[in-house]
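What follows is a single structure, written as structure tokens, with notes after it.
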């Protein structure tokens, strides 16, 4: 182990790690909105809309993230969709994670007993009010836990963005190996950084979960 | 470019073997990670800190490190101590990885079953373990289904990573066939379609179980 080298390359890797965090956080943020829209469509009363959402979820979950990235980045310009690598990573990541997340959100909402919905409606709450005051607070715990798992998968998947030449953690690590010929040191450091990022994500999830389930069960 | 699918047909028996291996691993890992995840979740929730601290560490360890690293560690690291067949290492590695993810989901769903259910069941004369087994866990399982199926779909795609430790699953086999026939596109398209079919079947399974769950609730 060459510790001098490790100290020397740390700033570069930290900078790249920040890109990883940035791209994942943005994808998660936009993915959440996409997922919300998908859940709305998926539970719609109009059958074609429901089928559209189902088809989208099925196709996105059924094809690898890798292929989706390549398709949008290299196939996009052919149909006039020209994105710079970072934006492409965020957009594809958001649309990809949105499909998974919509299933997670739907599962959480459906896990709330249907009696709650009926009771609330019969007390005079509207559909949206019921969702806001009765259903979502009870579904929040499970929802946060599921989204947490997906966020971790998103961070790990963000290493794939390196193939469309976004300089994030894995890409930077490979470049550094190319110039230093020290794979063990560089990969150890980058693995440590992934552990730190994901540990932070788990901490945030745990904190939000505690807050969301403050007044319920156990 | 021209597509010529005749080599795919020629090598289809080999490919079929790969599909078999993928399905076998997928099934084994699914069973292991779902049941194991439930066991881990129950132990984490219902035992003392001394017992569940190692399990929490286990979940933490498998969640924070990449799958490939875990596989290399299990295969090449443990391989120096005892010789384990690659397929067993693959199933164990993937199984532990997704067991950690599933356990995290089960912890949330078990806690989301209202405590009234537990109390009602105890007052009806069920013991602690029976209450868990007959009342809490079934409800928790049905609630976990959508996210479980997410995890399992991601898992099926992750089986391709196992080709790195030399397991002859679909991608490995098709890479071999490509190196002989020099027809990458045809083979990759074929296995992409097969993966998609597997995922469609899994989605159908998810909808079927969810219907049954809605009926029983």
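Inside segment B:52-101, can you point out the residues that are more than 11 Å from chain A (Cβ to nearest Cβ), within 22 Å of residue A:150 (Cα to Cα) and modelled with pLDDT under 80? Result: B:58, single match. Within segment B:176-217, the set of residues being free of Cβ contacts under 8 Å to residues at least 24 places away in the same chain and buried (at least 17 other Cβ atoms within 10 Å of the Cβ) comprises B:178 only.
Against the numbered list (1) in contact with a helix residue (DSSP H, G or I) (Cβ under 6 Å, 6 or more places away or on another chain); (2) over 30 Å from residue B:84 (Cα atoms); (3) free of Cβ contacts under 8 Å to residues at least 60 places away in the same chain, residue B:125 comes up short only at (1). Go through the residues of segment A:178-193 one by one and say whether even a single one is free of Cβ contacts under 8 Å to residues at least 40 places away in the same chain and assigned to a loop (DSSP other than H, G, I, E, B). For segment A:178-193, residues free of Cβ contacts under 8 Å to residues at least 40 places away in the same chain and assigned to a loop (DSSP other than H, G, I, E, B): present. Screening the candidates A:160, A:136 for the property of being within 14 Å of chain B (Cβ to nearest Cβ) and closer than 17 Å to residue A:22 by Cα yields one hit, A:160.
Which members of segment A:44-57 meet the condition of being at pLDDT below 90 and either touching a helix residue (DSSP H, G or I) at 6+ places or on another chain (Cβ under 7 Å) or surrounded by 15 or more Cβ atoms within 10 Å (Cβ to Cβ) (or both)? Correct list: A:44 only.
The condition of being surrounded by 23 or more Cβ atoms within 10 Å (Cβ to Cβ) and more than 23 Å from the chain's Cα centre (by Cα) holds for only one of A:169, A:176, A:128, that being A:176. Taking the listed residues B:178, B:209, the one that is on the phi < 0 side of the Ramachandran plot, assigned to a helix (DSSP H, G or I) and within 14 Å of chain A (Cβ to nearest Cβ) is B:209, with no other qualifying.
Looking only at residues in segment B:102-134 that are outside any helix (DSSP H, G or I) and within 12 Å of chain A (Cβ to nearest Cβ), the one that is nearest to residue B:57 (Cα to Cα) is B:113.
Every condition in (1) touching a residue at least 60 places away in the same chain (Cβ under 8 Å); (2) part of a helix (DSSP H, G or I); (3) more than 17 Å from the chain's Cα centre (by Cα) holds for residue B:57 except the one numbered (1).
The values are calculated or read from the model by the stated rules, or taken from the named source; none is laboratory data. Predicted model only: the values in this text are computed from it and were never measured. Heads up, the Cβs are rebuilt from the backbone with ideal geometry, glycines too, and the neighbour counts pull from every protein chain shown.
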